[in-house]
Amino acid sequence: MATTHFVIPGTVFAWNRVKAGDMVLLKSGDHGDLIINNVGDHTALVNVIPENGAIITLNRLVINTCTNLVFNGKGKVTIRSKGQTSADVPLVSVLGGQGNVVQWCYIHTAASRTGWQTAQWLKARDGVFVAGDDCKISNNTIHNVRTGITLRGWSCDAMSNTIDGFCVDGIRMLADYTTAADNVIMHSFLGNPNNHNDAIQLWNASAPNPMEGILNGVIIQRNRIFNRSTAPGGLRDMQGIGCFDGVIRRALIRDNVVQTDHYHGISLGVAEYCTISGNTVVGTNPSSVRQPWIMIGTNKTNRLSWRNTVTNNKAMDFKLSGNYTATGNQDLEPTQVASLMPVDALEPLLSAVA
């Protein structure tokens with residue numbers, strides 16, 4: 001029979017008592033570092049949620065070698081940086097295990113970035129790091145971080161998250177069959193001046209040499225990406241969706257809206273059997289010479305792209321090479337952007353910079 005457990009801030013909870021099918025309720029208060037080890041199996045979910053009416057704060061959440069554990073913050077859990085924890089330690093880590101979920105949490109280094117300069121951004125924490133398989137990160141609000149979400153586990157999803165304010169990448173997809181869908185990614189800031197910030201960056205992190213790695217079967221769809229580096233507050237230019245190292249194979253990139261003032265709107269260095277369809281890629285600065293494109297090319301190994309399909313996209317430019325089929329695409333002029341993306345539709349994003 002399933003059991004309901006209660007976790008009280010400032011006390012030691014015996015997670016080894018939790019079995020598949022159980023529910024764990026978090027009492028109101030500051031739980032510090034919440035580290036969950038070796039909970040769950042494949043027979044039923046373990047749900048970890050705030051008790052009714054509880055408001056929860058955490059310094060860090062670690063889900064280590066768990067199976068089918070669902071951490072649902074229900075909009076009542078804030079995971080924020082506190083104390084002297086290293087900037088290299090993510091606010092949320094899902095390490096090993098399978099089928100784990102983190103959803104409906106507020107995750108940030110600090111609640112406000114007002115007054116932040118490069119020094120503060122260099123001390124920002126990573127948001128969510130996932131190294132388990134078949135895990136899902138969904139409906140979280142992540143802001144003022146280095147990288148928002150890193151998907152390092154096989155077949156993991158980042159879905160319906162808002163990532164607002166980062167100084168490295170919004171989402172990193174580093175393993176086969178990962179998905180990024182329905183996310184809002186916006187506002188890229190200057191941290192390391194040598195880094196090229198990306199909204200979504202891809203490569204195969206398990207390859208001994210990233211230039212020779214092959215990333216298979218990723219899906220990137222219905223994401224809303226926005227950045228304008230001329231806005232006040234220390235923003236810097238941001239690449240949109242990019243795979244620059246190794247080969248990307250059988251990827252589906254569709255129905256995304258990318259608005260940025262960098263050349264790389266959607267760029268695949270070497271692509272094989274990939275589909276890019278229904279995307280809108282436009283600039284945020286009509287007077288800039290840096291208007292974003294959709295590109296399929298070659299990487300530093302000079303390997304050719306092969307058998308790709310590019311259909312029904314709108315972009316400021318198309319730079320396609322190798323073997324491909326392209327139909328129904330529209331090459332836009334800067335003067336057409338306002339009619340596609342009226343200013344009033346951007347107002348929620350523009351007003352959220354501070």
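Numbers below:
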read-out: Sorted by Cβ density within 10 Å, fewest first, the residues F166, F318; value: F318, F166
read-out: Helix-only mean residue ellipticity at 222 nm for the chain, each DSSP H run of n ≥ 4 adding -39500 (n - 2.57), per residue, nearest 500; value: -1000 deg cm²/dmol
read-out: Ranked D133, D33, criterion: other C-beta atoms within 10 Å, fewest first; value: D33, D133
read-out: Local electrostatic count at P50 - Lys and Arg +1, Asp and Glu -1, tallied over other residues with Cβ under 12 Å; value: +2
read-out: Local net charge near Q291, Cβ-Cβ under 11 Å (Lys/Arg +1, Asp/Glu -1); value: -3
read-out: Summed residue charge, Cβ within 12 Å of Q120's Cβ, Lys/Arg positive, Asp/Glu negative; value: +4
read-out: The chain: Rg to Rh, with Rh as the Kirkwood radius over Cα pairs; value: 1.00
read-out: Charge-dipole axis of the stretch 149-238 as Lys and Arg at +1 and Asp and Glu at -1 on Cβ define it, positive-most pick from G213, H187, W203; value: H187
read-out: Phi-based couplings in Hz for the stretch 62-71 (Karplus 6.51, -1.76, 1.60; Gly and Pro marked x); value: 10, 10, 10, 6, 9, 9, 6, 9, 10, 9
read-out: Assigned charges on the beta-carbon of Lys, Arg, Asp, Glu; the chain dipole about Cα centre (debye); value: 340 debye
read-out: Protection-proxy order for peptides 36-47, 69-80, each taking the mean of Cβ atoms within 10 Å per residue, highest first; value: 69-80, 36-47
read-out: Given charges at Cβ of Lys, Arg, Asp, Glu: the chain dipole, positive-most of G265, I142, W116; value: W116
read-out: Choice from Q336, Q98, Q291 with maximal GNM fluctuation in the chain (Cα, 10 Å cutoff); value: Q336
read-out: Anchor K27: aspartates and glutamates whose Cα lies under 14 Å away (excluding residues fewer than 8 positions away in-chain); value: E51
read-out: Selection from L151, T280, I63, by position along the positive dipole direction of the chain (Cβ); value: I63
read-out: Nearest-20 debye value, the stretch 20-108 charge dipole, Cβ charges on Lys, Arg, Asp, Glu; value: 260 debye
read-out: Ranked V7, V145, V247, V289, criterion: other C-beta atoms within 10 Å, fewest first; value: V289, V7, V247, V145
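Quick note: the coordinates plus some simple rules give every number you see, no bench work behind them. On a predicted model such as this, the values are computed, not experimentally measured, just so you know. Positions of Cβ are generated from backbone atoms using ideal geometry, with glycine treated the same way; all protein chains shown enter the neighbour counts.
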